[in-house]
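The values are calculated or read from the model by the stated rules, or taken from the named source; none is laboratory data. Given the structure is predicted, the values throughout are model-derived calculations rather than measurements. Here Cβ is always computed from backbone atoms with ideal geometry, including for glycine, and neighbour counts include all displayed protein chains.
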Amino acid sequence: MKYVSLIAFCLVNLTLAGTAMAHEENFEERVRDYILANPEIILRSLEVLNQRQVEAEIAQKLSGYPEILSTTALGMGAAEAPNKVVEFFDYRCAPCKAIHPKLEALVEEHPDLRIEMLQLPILSPGSERAARFALATEQVAGAAAYAQVHDALWAMRGPLNEGGFKEIADDLALDFEAIKAEMQSAEVDAEIDRNRDLAIDLGILGTPAFVTSTSVQYGSTDVDALAEIWLSQ
C-alpha cells in the first residue's frame, strides 16, 4: 500500500510539474510509462520521504530542548556563527580524539560554522571521572580554565584518575582541592544527567555524535561527509 500511494504521489506531482504540457495528448500515460520504465525513482522518492520524516521527528524532539543549540562553554569556531552543530564526546573515545583536529580545521575554513561540545561519558568509569573533573573546573575557575583542562585531558595518556587530574591542575595553577570538591556537586550531576537523557531521547548510541536542528549522526569520522550535511542546512 505504501508503494501504491507513493506511485500515486509521484504521478500527481509529475503531472503538476508538467502543467504547461498537460494539454498534450496522453501526457499522464507517458508519465506512468516513464515511472514503470525507471522504477529507481520510486526508491529514491522513498529515501527522500524517509529522510524528511526522520528530520521532522528529530526537530520535534529537539523542540523539547531549546537550549541544546545555544552556545556552550566549550566549542570550536566563533560563538556568533549561524550554523550550529553539537558534538557529544567521551574522553575515552579514540575516534573523538582522532576527528578533533579535523573539526578544528573545518571551522577555520568555514567561519559560519560553530561546533559546541557536550560531555557524554559512557565508555568507562574513567570517562565519567574525567567529565566531572572538566565540568568542575568550569564551575570553579571558568570557561578558559575548562578549555585548558579539556585540551590536557585529550592529550592525557594512561588512566583517567585523581593523580592525573591533580597533575593537570597543578600544571595549570588551578586549585585542585576546590575542583575535587566540586566534582560531586549538584551542578555537575545535572549537566551529565541532562546530556545522557538527551542522548537517549535522540537515539544516540555512541560517540562521537553530532546533532543539528534536523539531523543526528553518530560514530562517523568522515569530516567531508559531515560538513556536506552541516553546511547545506
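Of note:
- Check on I168, over 27 Å from T214 (Cβ atoms) and β-branched (V, I, T): yes
- Close contacts from the stretch 57-77, counting a first residue that is within 25 Å of Q148 (Cβ to Cβ) and at pLDDT 70 or above and a second that is in a loop (DSSP other than H, G, I, E, B) and aliphatic (A, V, I, L, M), with Cβ to Cβ under 6 Å and a gap of 6+ residues or different chains, come to T71/A79.
- Any pair with Cβ under 7 angstrom, 6 or more apart, that starts in the stretch 204-216 at a residue that is modelled with pLDDT under 85 and ends at one that is acidic (D, E) and outside any loop (DSSP other than H, G, I, E, B): T214/E55; S215/E55
- Residue in the stretch 108-157 that is nearest to L74 (Cα to Cα), counting only those that are under 22 Å from the mean Cα position of the chain (by Cα) and among the polar types (S, T, N, Q): Q119
- Candidates L135, L120: the one that is surrounded by 14 or more Cβ atoms within 10 Å (Cβ to Cβ), under 30 Å from Q233 (Cα atoms), touching a strand residue (DSSP E or B) at 6+ places or on another chain (Cβ under 7 Å) and at pLDDT 95 or above is L120.
- Listed by first and then second residue, the pairs linking a residue in the stretch 142-160 that is assigned to a loop (DSSP other than H, G, I, E, B) to a residue that is surrounded by fewer than 17 Cβ atoms within 10 Å (Cβ to Cβ) and of a type in the set (S, T, N, Q), with Cβ atoms under 8 Å apart and 6 or more places separating them unless they lie on different chains, are L160/S124.
- Any hit, the stretch 154-170, residues being under 25 Å from Q217 (Cα atoms) and in contact with a strand residue (DSSP E or B) (Cβ under 9 Å, 6 or more places away or on another chain): no
- For I179, the conditions (1) buried (at least 20 other Cβ atoms within 10 Å of the Cβ); (2) modelled with pLDDT under 95 all hold with the exception of (2).
- Out of S185, S232, S220, sole residue that is modelled with pLDDT of 95 or more and either under 24 Å from the mean Cα position of the chain (by Cα) or surrounded by 15 or more Cβ atoms within 10 Å (Cβ to Cβ) (or both): S185
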